[in-house]
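Note sheet for the following structure.
Here, each number is a calculation from the coordinates, and none is a lab measurement. A quick note: this is a predicted structure, and the numbers were derived from the prediction, not measured. Cβ coordinates were reconstructed from backbone atoms using ideal geometry, including for glycine residues, and neighbour counts include every protein chain displayed.
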Amino acid sequence: MQRLINDPNLVVEDMLKGFVKAHPDLVTVTDNPRVLKYVGAPVPNKVGVVTGGGSGHKPAFIGYLGRNMVDAVAVGEVFSSPSAKAFYDAFKAADGGKGVACLYGNYAGDNMNVKMAIRMAAKDGIEVKTVVANDDVPSAPKTEREKRRGVAGEVLMWKVGGAKASSGASLDEVIAAAQKAIDNTRSIGVGLTPCTIPAVGHPNFTIEPGKMELGIGHHGEPGIQVTDLKSADEVAAMMVDTILPDLPFGKGDEVVALLSGLGATPVMELYIVYNKVEELLAAQGISVYKPYVGNFFTSLEMMGVTLTVMKLDAELKSLIDLDAESMGITQFKRA
Amino acid sequence: MSESFSSSEGRTIVLALIRAIQDNAAYLSDIDGAIGDGDHGINMNKGFTLAEKNLSGGPVALADALDGLGDTLLTDIGGSMGPLYGMFFQEMGGACRGEETITPQVFQAMLTAGLEAIQSLGDAKVGDKTLIDTLVPAREAFAASVGAGDDFATALQKMADAAERGKESTRDLVAKIGRASRLGERSRGHLDPGATSCWILLRALAEASRGLLGA
């Protein structure tokens, strides 16, 4: 393993210490070492926005703590759900008296731990409602959308949910906006290499040199097609062609297009892929209202990219436009 | 041979569960590597080893020892196994709280409470390639054995044997739930890691209990 770590069993602990030191203006520790919160949280009279998930996806999840973004995050082991207690403590850290919106991804462990954490919070009188992201198109057929995984579309769900909460909206309104965001969002990943959990020490799946896997999941879950490695333009076309018909997106739509690296792909190549993605969308009469290109949701050192497209309406546009300050997304309206 | 053991033997029982996971950590991760992400043994070992630190040195009631183990798993493990085994042990502990001795009837109530806790969290059924495939037949075998008039030690052995057969049955199943379900047909031919750890735990529980019965 060519990795910069100390004790492989303590990578999450070591990473959290460094993260807090690196972003003191944005995040701070809580009594639970597996919960970080936005320095301003809980924001009085604002719905708290919480997420959580396994580690290894930086900037997700703690990278989205910040102003007009996420208030508290439960942190799990690498690729493993945070504990119920961590989610519960995150709810408490985020609760400003108007309830908590827990916006997370569709994985068995996260579903169970969130469910238990909600039971714990109910005993304290904290109201928690959830939106479960399921934007990953190749992970299940459209007829079984409830089985699909949540991937990089979660970033847009947090952006929208965080912005809505900051507008003073009620818990139900925040949940409705976040649900609309994810319902309007579709994603797909392409993997070029496997990745290694440090404590395991070897990859637990393979992608042969010269091959690529279309539809791969964020933890190496198998995709829909293994092919010879294609050019950036061809990969862009395969991704666009898979996700556009699923919503479907069509002529006249305005969208957010988020292209994220999976960890080891050079950022330069993300722009090479994005160039073609934008061109293909434009050719179908779809205009990109807001692009995000960079490492937004990664999978350790996997090579590859994910493409996420969200169809916008007036409300989603205004929420996407709102200023945000976080490690993963910082944006300000031009004067 | 006795037909019950003292409920003050919590330390003996829970320590046996902890040792069983520690001894099999690498094996469980290897199994998980085939159809999961290879960390089942690592995470289980982390949680159970932490539970050992939290276990008091002296005699402790079985209810408290199981509750403590469950609490550590719930608080510190996460993943899918933290809540599943956490609730399993907490509810097993709840079912023997206040009992002075652990009789076959109390033990059966503990198994039932543990199973129901797991079923309240997820909707896995027998045949979905999960720890339910181990736990359901194990509980049934114990109840049937007690019902047929077997002694406690024999019923425990039959429980462990049924758990092993249940674990083995997952080899030919296609995962319907959890992370391995993403593999579909590719999950066939491999043991389910959760079903395997459940067998290891039930076997350790049976052996430790049989030891206390003098079997």
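The spacing between segment B:41-77 and segment A:131-150, judged by their C-alpha centroids, is 36 Å.
Add -39500 (n - 2.57) for each DSSP H run of 4 or more in chain B, then divide by its residues: what number comes out at 222 nm, to the nearest 500 deg cm²/dmol? Roughly -21500 deg cm²/dmol at 222 nm, from the helical runs in chain B. Here segment A:185-326 is treated with +1 on each Lys and Arg Cβ and -1 on each Asp and Glu Cβ, and its dipole about the Cα centre works out to around 140 debye.
Applying the criteria of a DSSP loop state and at most 12 other Cβ atoms within 10 Å to the chymotrypsin sites (Phe, Trp or Tyr not before Pro) of segment A:26-94 yields no site. In the frame of its principal axes, segment A:185-326 has Cα extents of 47, 34, 25 Å, reported largest first. Each of A:GLY191, A:LEU322, A:ASN275 was scored by the projection of its Cα onto the charge dipole of segment A:185-326, and the greatest displacement toward the positive side belongs to A:GLY191; charges sit on the C-beta of Lys, Arg, Asp and Glu. Across all directions, the average projected area of the convex hull around the alpha carbons of segment A:8-183 is 9.3 nm². Binning the alpha carbon pair distances of segment A:154-205 at 10 angstrom intervals from zero yields the distribution 23, 29, 18, 23, 7, expressed in whole percent. If both residues of a DSSP beta bridge must be in segment A:254-335, then about 50% of such bridges are antiparallel. Between helix B:62-72 and chain B, what is the angle of the helix's C-alpha long axis to the longest principal axis, kept within 0 to 90° and rounded to the nearest 10? Helix B:62-72 and the main axis of chain B meet at about 30 degrees. Of interest is the spacing of the C-alpha centroids, which for segment B:144-215 and segment B:112-133 amounts to 12 Å.
Our summary gives chain B a relative contact order of 24 percent, counting only alpha carbon pairs under 8 angstrom and 6 or more residues apart. Partners of A:LYS251 within straight-line reach, counting lysines whose Cα lies under 24 Å from its Cα and excluding those fewer than 8 residues away in the same chain: A:LYS142, A:LYS180, A:LYS276, A:LYS290, A:LYS311, A:LYS317. Positive end of the dipole of segment B:155-215 (Cβ unit charges, origin at the Cα centre): among B:GLY189, B:LEU201, B:MET159, the Cα lying farthest that way belongs to B:GLY189. Placing +1 on the Cβ of every Lys and Arg and -1 on the Cβ of every Asp and Glu, with nothing else charged, gives the protein assembly as shown a dipole about its Cα centre of roughly 860 debye. Annotation for A:ILE5 and A:ALA122: the two label points, set 7 Å from Cα along the Cα-Cβ direction, are 3.8 nm apart. For the pair A:GLN284 and A:PHE332, the difference between a 0.36 nm per residue extended length and the Cα-Cα distance amounts to 14.3 nm. Restricting attention to segment A:18-95, close to 50% of DSSP beta bridges with both partner residues there are antiparallel.
The distance separating the Cα centre of segment A:42-69 from that of segment A:230-302 comes to 24 Å.
The mean number of Cβ atoms from other chains found within 10 Å of a Cβ in peptide A:73-84 is 6, as a whole number.
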